[in-house]
Each structure stands twice: as structure tokens, then as C-alpha cells.
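All remarks here apply to the structure that follows.
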Amino acid sequence: MDVVLELADTFLFDRLWANLLPINPAVANFDPISTITAGFKGFDYNATYNAASSAALAGDASLARSAWSFQPSSEWFSVQPSEFAWMSRWDRDNVWRQMLTLYVITWFFGAAIYFLCATLSYLFVFDKTTFNHPKYLKNQIRMEIAQTQRSIPIMAVLTVPFFLLEVRGHGYMYDDALAPGFTHPMLSLFGSWYNWIQFPLFIMFTDCGIYWIHRGLHSKMLYKRLHKPHHKWIMPTPFASHAFHPLDGYAQSVPYHLFPFLFPLQKFAYIALFTFIQIWTVMIHDGEYVANSPVINGAACHTMHHLYFNYNYGQFTTLWDRLGGSYRQPNPELFEKEKKMSEVEWSRQSQEMEKMVVEVEGRDERTYGTEEPLLGSKKVQ
């Protein structure tokens, strides 16, 4: 996350913080946060005061500069900071600045990636015939988007502590597997081969963690309190991908954030994997059943989960569902275009779903109907 933070600071936040909290002799005399930060970095904790005072004695307070020293977040890629990077009393290493900046990044870019991926999937992948399904909700997409926008800011608050710890060096993020700056048995064992091993290891670790968290969210104690809002969508669209109760969405993301505190993770692999996660989460809600695989827990498996509740809790594979006795093979009709959207198949799905919803929720409180036009779409006849 430090690479992302460096880019965001360079192109936006350096200037913003320089204007919000400019450094000057009046405030540089005593800035406890900067003093503490400088102390941890091994700098002279009077450096900020001396720099500001020297500028003031020279008769130009506007030239006061922070004592912060630029160190690129990666040896493979960096962007030289502008003068604004030295013009705020909260330098880039200030913990409060990092926390607030990371919150804005997490909220804004989380929402941006959600809208980009879900919209592209909606326009080019999602079958609009789904609007005619008897279990499709009235104005469903609008409700999915509204739920997501209520949840993302809260999920961002809960996620920022993980990102902050990563940025401040508490974890196993590395640039070069042969010179990571720390010791770890996985790197000692595999060396540079770990650059490739980290990808399947990440998938296996997070798939296991999410399976058990997701299954726990279906317990009687947690389902109605946390997970039920996501199961409002019996026939989800790509916009349902992040439409969770915020604590539900956060809980299922925890394995992703725990991984770099337990295992090494290359910095750019980290960015690639978290981008993949966002895309995958949209893909398993897009209703395009291309992965008729006994191994991959794709959109067809996840549709079974939304229809019938107590099956297919896994995120990427069917392994843990098979081991835990919760795997349900997708109906073969889902992979035949003419049959998957037929009234016969829909009727069969609806009858079984109605039995399951009574078992899980007690009664069905949803309002079914047709979708109003959105993004230029028309109701399929």
C-alpha cells in the first residue's frame, strides 16, 4: 500500500496537506506529532523547528521546510515528489496524515473500482433477461448501489488500520525476494521462486479463511444481524458484488489483510491481487456461467448460493465446500443459454428457493418486480 500512498501523495495529497497544514515558524516551534515521528526515524527532533526558524531569520517564512527525507517506496518504481512534500507540518511519515489519506484512498478508489467493474460487467456481460426472473426485485440495481454506498465508507474505516500498519512497516511486504529487509522461513526456503509461489498461496489461504467466515455468517446468531442484507439479492447483478452490511463485507475481507502479516507478499503483487479480488467479486455476481468446473467456484456456484443459501460458501475454489459438506453442483441447465433463462428452470428455482427462505429467514420480506431502465437498458420481453 506504500506504493499507492506515494503516488497519491505526489499527485494530490502533498499539495492538499501543504495548504491545510502549512509549515511556518509559529507552528514549527512545537508540533508533537512531527516530533514523535522524527524521533522514531532517528532524526534530530528539533530539525523541523531549526529549518523553520532559519527561514524566518532570513526574512522569508514561506521558505520553511519540513525535515522529512524522501525514501522511495520501491526500488523498481518511484515518482520524485514536488516541493509541496516539504511544505506541510504533517510530513508524509506523520501517522495521522497517513491514516486520513489512506481512508480517503480506500473509500474513493474502493467506490471507483466498484463502479467501473460493475458497470462494465453490466454493459457487456450481464444478461438483461434476468430482469424477468420471478425472484428479481423491484428497482434492485438501485438498491444494490445504495447498499454499497452506505457500506463502503464504514468498511474503509475498519480497513485502514491494516493499511496503516503495512505502510509503517509492520508486515512482510517486500520489493526483492532476495533482499526483503526481513527474515521469513518461506523466503529462506524458496528464495526467488517465492515470487511465483505467493500467488497460489494467497488464493489458498484466503479461500480457506473466507469459507469459514462466510459459513459462520450463516449461523443463526449472525445471519439476520449481518449477512441477510447481501442475501436480499436472489438473482444478483454485478452491482450486488459489494452490497453488504459493512461488518459483513469487512469480516470477509479480513483474510486478505491478514495474509501480508503472516506471509511475505511482493508490493506490486499485492496491488495486482487486490485488483483481481475486486474484479473476481464482480464476476461471481454477473450471472455469466462460463466456468463449469468442479474446482472453480465461479458465478454458477455463487448463484446456487444466492438461490439456496446454505451451499457454496467458498470464494475461489470448491475445495472447502467439498471438505465441509456444503458443495452443491450447479444445475446443468445454467450452462445452456436457452434453458437457463427458461420459465421451466425459473419456476423450479423459485419453488425450491421459497422453501429455503422459510427455513433460513422465517418469511420472505422481499418485494419482487421488474427493473426500471438504468444505463440505457430496456426491460427484456
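The values are calculated or read from the model by the stated rules, or taken from the named source; none is laboratory data. Since we're looking at a predicted model, the values are computed, not measured. Here the Cβ positions follow ideal geometry from the backbone for every residue, glycine too, while neighbour counts run over all protein chains shown. Note: areas computed on protein heavy atoms with side chains; ligands, DNA, RNA excluded. Shrake-Rupley method; radii C 1.70, N 1.55, O 1.52, S 1.80 Å.
Taking the conditions (1) touching a residue at least 60 places away in the same chain (Cβ under 8 Å); (2) exposed (fewer than 15 other Cβ atoms within 10 Å of the Cβ) in turn, Ala146 satisfies each one other than (1). For the stretch 140-148, the criterion of a residue being over 23 Å from the mean Cα position of the chain (by Cα) and under 30 Å from Gln349 (Cβ atoms) is satisfied by no position. Scanning the stretch 294-317 for residues that are open to solvent by 20 Å² or more (accessible area, probe 1.4 Å), assigned to a loop (DSSP other than H, G, I, E, B) and without any contact (Cβ under 8 Å) to a residue 24 or more places away in the chain gives a single hit, Tyr311. So which of Phe205, Phe199, Phe131 ends up being touching a Lys or Arg at 6+ places or on another chain (Cβ under 8 Å) and part of a helix (DSSP H, G or I)? On inspection, the qualifying residue turns out to be Phe131.
Would a scan of the stretch 198-212 turn up a residue that is at pLDDT below 95 and either hydroxyl-bearing (Ser, Thr, Tyr) or surrounded by 15 or more Cβ atoms within 10 Å (Cβ to Cβ) (or both)?
no
Count of the stretch 254-270 residues, restricted to those that are within 20 Å of Gly209 (Cα to Cα), open to solvent by 20 Å² or more (accessible area, probe 1.4 Å) and assigned to a helix (DSSP H, G or I), is 4. Do you know which residues across the stretch 80-106 are within 26 Å of Pro161 (Cβ to Cβ) and part of a loop (DSSP other than H, G, I, E, B)? Of everything in the stretch 80-106, those that are within 26 Å of Pro161 (Cβ to Cβ) and part of a loop (DSSP other than H, G, I, E, B) turn out to be Pro81, Arg89, Trp90, Asp91, Arg92, Asp93, Asn94. So which of Asp248, Asp207, Asp175 ends up being within 30 Å of Cys301 (Cβ to Cβ), out of contact with any His (no Cβ under 8 Å at 6 or more places or on another chain) and acidic (Asp, Glu)? Residue meeting the stated conditions: Asp207.
Just checking, does the stretch 90-98 include any residue being among the hydrophobic types (A, V, I, L, M, F, W, C) and under 14 Å from Ala8 (Cα atoms)? No, that holds for no residue.
Restricted to the stretch 318-343, and to residues there that are modelled with pLDDT of 90 or more and open to solvent by 60 Å² or more (accessible area, probe 1.4 Å), the residue that is nearest to Thr129 (Cα to Cα) is Gln329.
Scanning the stretch 156-168 for residues that are at pLDDT 95 or above, in contact with a helix residue (DSSP H, G or I) (Cβ under 8 Å, 6 or more places away or on another chain) and open to solvent by 30 Å² or more (accessible area, probe 1.4 Å) yields Val157, Leu158, Phe162, Leu165.
Can you work out which of the residues in the stretch 227-248 that are outside any loop (DSSP other than H, G, I, E, B) and open to solvent by 30 Å² or more (accessible area, probe 1.4 Å) is nearest to Ala111 (Cα to Cα)?
Leu247
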